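One structure follows; several queries about it will come next.
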Amino acid sequence: MTRAGIRRAAGKHRAGFTLLELLIVMSIIFIVMGMAMAAWFGIVRGSAIRGGLSNLHRVISLARQHAMTHGASTYVFFRQDNTDGLNARYWVCSEAGRHYGEDGVAQLDSGYPRWNDTLKGGTIYNLTAGSWGVVADNSPQTLTVVGGKLTGGKRDFWNRGDKFGWLAHEIQFLPSTLKFDNAEENNAPEGIIFFPDGATPKSGAANYVITIKEKNGAGRREIRVLGLTGLVEISE
């Protein structure tokens, strides 16, 4: 073979890749893919906490607006079934009246003028006890309610002065990756009350604080409801 032929043969041999070179290229590809996936999951987690925070802020703000528009005290309740954030949820109730009958009775006696047959089977909330019940029977002046439970022991009776009302906004759930991280039962936040003027029962510098946190991450954000004014803010 001539020298030119030898050089051509050697050139053809060098045109391929060695196993080591292929392994290095594949390692680089896997590293880049891992970095991209980590960034993607970070974006998804950030989107969940931003979306959950935004909806929570919107509902609380609407509750304050409802109180001022309808001239009725409006409540925001928060619950989750355990400290891991199972079924973390929140809802808004509008106050409709008070029980003026005896303590410890099943019938709600308020003289409420709008009892009607459509209420039977509906859900009514004891806003004082933070519990709920289903309307079992009604008459022009009273309701018999089958009690339910949202917090503490089962409450299937009314005490004099207990406030009642109905949902003003449908029940909302946090995204499944988030949970409440406060100090009430199962780490749920304290319930919020808005008066008809938009203020709350808090005095001085006291505020309502609602904290949401990622279940498997460090993301954590807060919403504050200013006690004196009732203004709703997202804390940075």
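Read-outs throughout are calculated quantities, based only on the coordinates presented, and are distinct from any laboratory measurement. Quick caveat, the model's predicted, so the values are computed rather than measured. Positions of Cβ are generated from backbone atoms using ideal geometry, with glycine treated the same way; all protein chains shown enter the neighbour counts.
Taking the Cα centre of each part, how many Å lie between segment 46-90 and segment 165-225?
Using only Cα atoms, the two centres lie 6 Å from each other.
Which trypsin sites (Lys or Arg not before Pro) does segment 154-198 hold that lie in a coil by DSSP with at most 12 other beta carbons within 10 Å?
Taking segment 154-198 and a limit of 12 other Cβ atoms within 10 Å, the loop trypsin sites (Lys or Arg not before Pro) found are Lys154.
With r defined as the distance between the Cβ atoms of Val209 and Asn159 and R0 fixed at 35 Å, what FRET efficiency is calculated, to the nearest 0.05?
0.75
I would also like to ask the following. Taking 0.36 nm per residue of sequence separation and subtracting the Cα-Cα distance, how much length would be gained by fully extending the chain between Tyr100 and Phe17, in nm to one decimal? List each step's numbers first, then the result.
Values: separation 83, 0.36 × 83 = 29.88 nm, distance 8.89 nm.
Value of the extension gain: 21.0 nm.
How much length is gained on full extension from Leu231 to Ser27, taking 0.36 nm per residue of separation minus their Cα-Cα distance?
Working: separation 204, 0.36 × 204 = 73.44 nm, distance 5.35 nm.
Once the chain is fully extended between Leu231 and Ser27, it gains 68.1 nm.
Quick check: residue separation of Gln65 and Arg50 times 0.36 nm, minus the Cα distance between them. What number comes out in nm?
On the way: separation 15, 0.36 × 15 = 5.40 nm, distance 2.23 nm.
That works out to 3.2 nm of additional length.
Got a sec? How would Glu184, Glu233 order by Cβ neighbour count within 10 Å, fewest to most? Present the calculation step by step, with values, prior to reporting the outcome.
Details: Glu184 15, Glu233 12.
Taking fewest neighbouring Cβ atoms as first place, the list is Glu233, Glu184.
Would you list Trp132, Trp166, Trp158 from fewest to most Cβ contacts within 10 Å?
Trp166, Trp132, Trp158
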